[in-house]
Amino acid sequence: MSTFSAPKGTYDLLPPSSATYLAIREALAGPLRRAGYGYIETPVFEDTKLFSRGVGESTDIVTKEMFSLTKRGSEDLALRPEGTASVLRAALQANLHKLGNLPVKLWYSGSFYRYERPQKGRYRQFSQVGAEAVGAEDPALDAELIILADDGFRSLGLSRYTLLLNSLGDKQCRPVYRAALVEFLAGLDLDEDTRRRAEINPLRILDDKRESVQAQLTDAPMLRDYLCEECKAYDEQVRGLLTAAGVAFTDDPKLVRGLDYYTRTTFEFVHNGLGAQSAIGGGGRYDGLSEMLGGPALPSVGWGLGVDRTFLAMEAEGIVLDLPSATAVYAVALGEEAKNVLFAKTVELRRAGVATDLAFGVKSIKNAMKSADRSGARFALIAGDRDLAAGVVQLKDMTTGEQVPVELDALVSTLKEKQL
Ligand code: AMP
């Protein structure tokens, strides 16, 4: 133990499970790569106003959960609580929307920061793989992104999740609905805090998890009944494309999500093995965000998938990925001279693409063979002075225990043939 431990709400990714995290990131990114999305990386901190303007002044993320950095000079910086505002900021800054095809398709992978009350599945630093398609209004694009997220989850073997789908309307129909909802909420028995939230963004009240609030919402007007013809048609097309692609969804007329910028399509993937923190990913269309950030009209859609919760969801489903052991060959030298020879062979094998490790600081052959066992390697290479005098090393199959001498000169080609 050291004097220090990881800060509250954070945790360390350690081997062997860290390999699964990497595999999850890869699996979630794979479908995006195959669909023309380019990788983007933005700073982990940004001007605080980017988030207050982009994510929304009324959201918990901005009002309560933002990690603000101590001011230096006149800058007011915050750790990023989500990815969309940063990606759009970067795309606008680099004029990506003017330089190439629209939509600009981007994906990212990284850590995000929210000062939340930590619990299982809810951390202050968490990891997302995200995707944004900037500059096109096309139901096929919304459907594409949802299908790509679903493909990513399925490729990991997940099945116990549901896709919740809703439409939040647009600037034509949402204000009409908003007015109806405000009128309805005015008649409810809500506490001061909730009332204040309702004034800034009444839709967020629908998302309130408290039973006392939900019980009063049974007769609330639903956006679905207020959608204009364009939004309705758009929504139907998204649904049609999802159905044709075999992606099942459930209507959730109360799904508004925690960020202010969504319009029309909004969705969330929820897993049934995670308890309270059940969302493994979510996103939607955000047609007005670019203008809110001072850019041109760029209708866009995107999502963020939670890597930490995907890991927990896999655990809940008992899914263990069949990851190749990091080490295929483990070399054990008996004596100084043998050590030098095996060290050189280890370097050669690695350069030839065979994952090879070597026993360092060997005190006894017994311990070194234990290390070989623990490494998960399929083969151990063992050499002592007598082997070297005969120009061979012993190749031990760690599964069968069978051991055969192999000519030193033929070692690399012999192991390469085994396609480790
Ligand atoms: P959001 O931007 O809140 O929709 O987040 C997108 C996804 O990131 C969620 O569906 C979660 O899987 C994940 N996520 C969000 N907040 C946290 C958190 N505090 N800890 C772990 N995962 C999170």
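The values are calculated or read from the model by the stated rules, or taken from the named source; none is laboratory data. Bear in mind the structure is a predicted one, so any value in this text is a computation, not a measurement. Please note: Cβ atoms are built from the backbone with ideal geometry, for glycine as well, and neighbour counts cover all protein chains shown. Note: areas computed on protein heavy atoms with side chains; ligands, DNA, RNA excluded. Shrake-Rupley method; radii C 1.70, N 1.55, O 1.52, S 1.80 Å.
Taking a ≥ b ≥ c as the square roots of the eigenvalues of the alpha carbon gyration tensor, the stretch 1-109 is oblate, as a/c is not under 1.5 and a/b does not beat b/c.
The value of relative contact order for the chain, using C-alpha pairs under 8 Å at least six residues apart, is 16 percent.
Using a probe of 1.4 angstrom, how much of the accessible area of the stretch 134-195 is carbon and sulfur, in percent? Present the calculation step by step, with values, prior to reporting the outcome.
Values: 1320 of 2660 Å².
Carbon and sulfur atoms account for 50 percent of the accessible area of the stretch 134-195.
Near the amide H of D287, within less than 5 Å, lie the amide hydrogens of T263, S300, all on another chain or at least 5 residues away, with H placed in the peptide plane. Close amide H pairs (under 5 Å, H built 1.01 Å from N) link G281 with F269, G306, residues at least 5 positions away or on another chain. Distance from the C-alpha centroid of the stretch 1-55 to that of the stretch 365-406: 39 Å, rounded to the whole angstrom. Per-residue ellipticity at 222 nm computed for the chain from its helices equals -10500 deg cm²/dmol, with DSSP H segments shorter than 4 residues left out and the rest contributing -39,500 (n - 2.57).
Rounded to whole numbers, the Karplus 3J(HN,Hα) couplings from phi for the stretch 354-365 are 9, 5, 10, 10, 10, 6, 9, x, 5, 9, 8, 4 Hz, using 6.51 cos²θ - 1.76 cosθ + 1.60 with θ = phi - 60°, and x at Gly and Pro. Amide H contacts of L255: none lie under 5 Å away among residues 5 or more positions distant or on a separate chain (H built 1.01 Å from N in the peptide plane; Pro and chain starts excluded). Among L88, L13, L145, the residue with the largest mean-square fluctuation in a Gaussian network model of the chain, with springs joining Cα atoms closer than 10 Å, is L13.
Exactly which chymotrypsin sites (Phe, Trp or Tyr not before Pro) in the stretch 160-239 are in a DSSP loop and have at most 11 other Cβ atoms within 10 Å?
Values: sites: Y161, Y177, F184, Y226, Y234; in loops: none.
Those that pass, being in a loop and sparsely packed, number zero.
Need one number: % antiparallel among DSSP beta bridges in the stretch 329-417, to the nearest 5.
On the way: 9 of 17 bridges.
If I count the DSSP bridges inside the stretch 329-417, around 55 percent turn out antiparallel.
Listed peptides 279-291, 105-117, 210-222 appear in the order 279-291, 105-117, 210-222 once ranked by packing, highest mean of other Cβ atoms within 10 Å at the front. Per residue, the solvent-accessible area of the chain (1.4 Å probe, heavy atoms of protein chains only, all protein chains present) comes to 49 Å².
Order 300-306, 136-142 from most to least packed using the mean count of other Cβ atoms within 10 Å. Could the numbers behind the result be given before it?
Numbers: 300-306: 26.4, 136-142: 19.3.
Going from most to least packed, we get 300-306, 136-142.
Computed 3J(HN,Hα) for the stretch 242-254, one whole-Hz value per residue from the Karplus formula 6.51 cos²θ - 1.76 cosθ + 1.60 where θ = phi - 60°, is 5, 4, 4, 8, x, 9, 7, 9, 10, 5, 10, x, 9, glycine and proline marked x.
Defining a contact as two alpha carbons under 8 Å apart and six or more residues distant in sequence, what relative contact order in percent does the stretch 257-298 show? Provide the component values of the computation, followed by the final result.
On the way: 53 pairs, mean separation 15.2, N = 42.
This gives 36 percent for the stretch 257-298.
Restricted to Cα atoms, the stretch 237-326 shows a radius of gyration and a Dmax of 16.5, 50 angstrom. Filter the trypsin sites (Lys or Arg not before Pro) in the stretch 17-91 to those in DSSP coil with at most 10 other Cβ atoms within 10 Å of their Cβ, and list the result. Within the stretch 17-91, the qualifying trypsin sites (Lys or Arg not before Pro) (loop, at most 10 other Cβ atoms within 10 Å) are R34, K71.
When a/c is below 1.5 the answer is rounded, else prolate if a/b is larger than b/c, else oblate, so apply that to the chain with a ≥ b ≥ c taken from the square roots of the Cα gyration tensor eigenvalues. Judged from the Cα gyration tensor, the chain comes out prolate (a/c at least 1.5, a/b above b/c).
Calculated on the alpha-carbon coordinates, the convex hull of the stretch 284-397 measures out at 204 cubic angstrom per residue. In the stretch 329-417, the portion of solvent-accessible area held by carbon and sulfur atoms comes to 50 percent [1.4 Å probe, whole percent, DNA, RNA and ligands not counted]. Distance from the Cα centroid of the stretch 199-242 to that of the stretch 319-345 is 58 Å (rounded to whole angstrom).
For the chain, the longest principal axis of the Cα atoms and the long axis of helix 336-351 meet at an angle of about 40 degrees.
Lacking any other cysteine beta-carbon closer than 4.7 Å, the following Cys residues of the chain have no compatible partner: C231.
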